[in-house]
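Below is one structure; the comments refer to it alone.
The values are calculated or read from the model by the stated rules, or taken from the named source; none is laboratory data. The shown structure was predicted, so the numbers you read here are calculated from the model rather than taken from an experiment. Because the Cβ atoms are built from the backbone with ideal geometry, glycine has one as well, and the counts that use them run over all protein chains shown. Just the protein is used for accessible areas: all its heavy atoms, side chains included, with ligands, DNA and RNA removed. Shrake-Rupley method; radii C 1.70, N 1.55, O 1.52, S 1.80 Å.
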Amino acid sequence: MADEKTPLEELLEDELKDLYSAENQIIKALPKMIKACESPELKRAFERHLEETRRQVDRLDQIGEELEIKMTGKKCKGMEGLIAEGKEHLEELDEENIDAGLIGDAQKIEHYEIAAYGTARTHAELLGLRRVAKLLQQTLDEEGATDKKLTALAESVANVEAVQ
Ligand code: FE
Ligand code: FE
């Protein structure tokens, strides 16, 4: 970006740094979720999303280079809160409901990402940053697909019959 930034450019920069922090927090949190879940199918879905998330960070690095901005140095407090709630669940839930609980936590995370990527994509478009908008859209599509997959898994892994 040029030296003199417009308010919208500054806002986009902030949004991108927030996403960079969010994705990196997810990379740290997912291995614990992978370890905790019972269903092999859910485990595989989380593993695949972890790989995908690493590529999403690469995409953000690419955007950072393109816009000549440093992506580090900001902490996404929204993601921090979502992950903290997930951690509480890991301690509270047992094998009967852990998968259902983890899926709920993961979907909250996906929805945060979907909102944040959608906003950043729109702002990039408005600023005429077509390549950046395209990269953000790619990740947005992946997050949307993950969310749908989790909804399907929620139906298959939930332990409807189990009693205390
Ligand atoms: Fe992501
Ligand atoms: Fe995600």
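Worth pointing out:
- Some residue of segment 30-43 being at pLDDT below 95 and in contact with a Lys or Arg (Cβ under 6 Å, 6 or more places away or on another chain): yes
- The lone criterion from (1) within 16 Å of ligand 1 (Cβ to nearest atom); (2) within 20 Å of E9 (Cβ to Cβ); (3) open to solvent by 40 Å² or more (accessible area, probe 1.4 Å) left unmet by Y117 is number (3).
- Test: residue in segment 51-67 that is of a type in the set (A, V, I, L, M) and farther than 16 Å from A116 by Cα: yes
- Residues that are over 21 Å from H49 (Cβ atoms), in a helix (DSSP H, G or I) and aliphatic (A, V, I, L, M) do occur in segment 127-135, at least one of them.
- Taking the conditions (1) touching a helix residue (DSSP H, G or I) at 6+ places or on another chain (Cβ under 8 Å); (2) more than 25 Å from K28 (Cβ to Cβ); (3) in a loop (DSSP other than H, G, I, E, B) in turn, K74 satisfies each one other than (2).
- Segment 2-43 - residue that is polar (S, T, N, Q) and not in a helix (DSSP H, G or I) and, of those, least open to solvent (accessible area, probe 1.4 Å): S39
- Conditions (1) out of contact with any Ser or Thr (no Cβ under 8 Å at 6 or more places or on another chain); (2) in contact (Cβ under 8 Å) with a residue 24 or more places away in the chain; (3) assigned to a helix (DSSP H, G or I): number failed by D58: (2)
- Selection of segment 71-87 for residues being in contact (Cβ under 8 Å) with a residue 12 or more places away in the chain and either small (G, A, S) or open to solvent by 30 Å² or more (accessible area, probe 1.4 Å) (or both) yields T72, G73, K74, K75, G78, E80, L82, E85, G86, K87.
- Breaking point among (1) over 26 Å from L12 (Cα atoms); (2) touching a Gly at 6+ places or on another chain (Cβ under 7 Å), for L90: (2)
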